[in-house]
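Below is one structure, written out as structure tokens; comments come after it.
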Amino acid sequence: NKVAKTVFDGWQLSGLTSFSSGAPVNVSYSITGTGPAILNKQITGSEDVAPRVVFTCNPNLSHGDKTLEAFINPACFAPAAKGSQGMDSPLNFLTGPGLNQWDMNVFKNIQVGEKGPRIQLRLEAYNAFNHTQWGSVNSSAQFSPAGVLLNRGGSSIANRFGLGALNSTRANSARILQIAVKMYF
């Protein structure tokens, strides 16, 4: 019975779970063959005022409709018309990928003698379920001079990283395991 008590007593489980929505994202755009200063001057009349992309619908997809290739809906964007004042869409309207992080720790405390030191065996897991933590979404639209979206995301390899696709993971977001032994006197 003393062996069973030693094996099953002294366990600790702890953890930290973090959920957060993503950071605001703004969509920028360019037109093939036109530099930024020239594009600004052609659309807004000033090299210093950049036009904003026009929303033709709500580009935020519902949670169940989001995919790796289409985190935001690329069909909802159009270039600004000549004469725009750079106010065709709101700032910070889109939301980037959020965070879903589970950190867990398991400790086993072992008493050495009645009044002796205590040994603690520790197993710590950061991002324990190895959930992919996406860092950013491609928010740069590229249009042809005729206004056709050229970098629309999709499932083919050629446009896997098109507008609206998730394109990077957060630094140090892979699962990390750490094993340690600690002695308390």
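Every test in (1) touching an Asp or Glu at 6+ places or on another chain (Cβ under 7 Å); (2) open to solvent by 60 Å² or more (accessible area, probe 1.4 Å); (3) part of a loop (DSSP other than H, G, I, E, B) is passed by residue 52 save one, and that test is (2). Of everything listed in (1) within 16 Å of residue 29 (Cβ to Cβ); (2) not in a strand (DSSP E or B), the single unmet condition for residue 142 is (2).
Based on what the data block shows, is residue 41 in contact with a Phe, Trp or Tyr (Cβ under 8 Å, 6 or more places away or on another chain) and over 30 Å from residue 134 (Cβ atoms)? So residue 41 does not fit the description; no. For region 5-25, a residue qualifies if it is open to solvent by less than 70 Å² (accessible area, probe 1.4 Å) and not small (Gly, Ala, Ser), and the qualifying residues are 17, 25. If you check residue 78 against the conditions, is it closer than 26 Å to residue 47 by Cα, in contact (Cβ under 8 Å) with a residue 24 or more places away in the chain, open to solvent by less than 40 Å² (accessible area, probe 1.4 Å) and of a type outside the set (Asp, Glu)? Answer is yes for this residue.
The values are calculated or read from the model by the stated rules, or taken from the named source; none is laboratory data. Because the structure is a prediction, the values reported are computed rather than measured. Here the Cβ is made from the backbone with ideal geometry for all residues, glycine too, and neighbour counts use every protein chain on show. Only protein heavy atoms, including side chains, enter the accessible area calculation; ligands, DNA and RNA are left aside. Shrake-Rupley method; radii C 1.70, N 1.55, O 1.52, S 1.80 Å.
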